[in-house]
Amino acid sequence: MTEEPCQCADCQRFYKEHDRLIREFPTFKQQQELNWASIQSFRTLCSKVSNELQGQLSERESNEDMSLVEKHISDTEISEVLDELESVNAYLYSIEALMERILDTKISNNIESKFKEIADELAPDPLNMDRLILNRLFHQAPDSPDKKNIN
């Protein structure tokens, strides 16, 4: 018996993004570059937020007369987040080290074409005319799972 994929909104959003990334970046090299860029952008953003929060915390320590209205983020919350972001950055550095090994892998053009072929099977274009026709036919079928028999 095959296990059905989860239908919750978060999982559906993940599946949609997963398929989009396969469709838009169907080669080994494109996946390498995409993942490298993703890790780098995540590290950049986390580092920038950490620096901003560090500065905000330092500024607060030097300005004790700041009103409560100006403190919409508590010092405790900032400190906790800084600890978490430090851990995230350490994990991202570890992933980066592993990715460097993946980036060393080179694939021939013959194999790249196989990646494209498999990508089309894994994540077919949802706007492909054949797929739209099949979806329409499926949803018109009287025994389809989304049709409720009301007796």
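Can you confirm whether segment 135-144 contains a residue that is on the phi < 0 side of the Ramachandran plot, modelled with pLDDT of 70 or more and among the hydrophobic types (A, V, I, L, M, F, W, C)?
no
If I go through segment 17-30 residue by residue, how many of them are surrounded by 12 or more Cβ atoms within 10 Å (Cβ to Cβ) and either in contact with a strand residue (DSSP E or B) (Cβ under 8 Å, 6 or more places away or on another chain) or without any contact (Cβ under 8 Å) to a residue 12 or more places away in the chain (or both)?
2
If you check Ser58 against the conditions, is it loosely packed, with under 12 Cβ neighbours inside 10 Å, at pLDDT 95 or above and part of a helix (DSSP H, G or I)?
No, not satisfied.
In segment 99-123, how many residues are in a loop (DSSP other than H, G, I, E, B), of a type outside the set (Ser, Thr, Tyr) and without any contact (Cβ under 8 Å) to a residue 40 or more places away in the chain?
2
Just wondering, is there one or more residues in segment 32-51 that are among the aliphatic types (A, V, I, L, M), assigned to a helix (DSSP H, G or I), under 30 Å from Ala119 (Cβ atoms) and in contact with a Phe, Trp or Tyr (Cβ under 8 Å, 6 or more places away or on another chain)?
Looking for residues that are among the aliphatic types (A, V, I, L, M), assigned to a helix (DSSP H, G or I), under 30 Å from Ala119 (Cβ atoms) and in contact with a Phe, Trp or Tyr (Cβ under 8 Å, 6 or more places away or on another chain), one finds at least one in segment 32-51, hence yes.
Restricting to segment 85-125, and then to whatever is farther than 18 Å from Glu33 by Cβ and either in contact with a strand residue (DSSP E or B) (Cβ under 7 Å, 6 or more places away or on another chain) or of a type in the set (Asp, Glu) (or both), can you tell me which residue is surrounded by the most Cβ atoms within 10 Å (Cβ to Cβ)?
Going through the qualifying residues, I end up with Asp120.
Only one of Leu57, Leu103 is under 30 Å from Asp125 (Cβ atoms) and of a type in the set (A, V, I, L, M, F, W, C). Can you tell me which?
Unique residue meeting the criteria: Leu103.
The values are calculated or read from the model by the stated rules, or taken from the named source; none is laboratory data. Treat the numbers as computed from the prediction; the structure is a model and nothing was measured. Cβ: placed from backbone, ideal geometry, glycine included. Neighbour counts: every protein chain shown.
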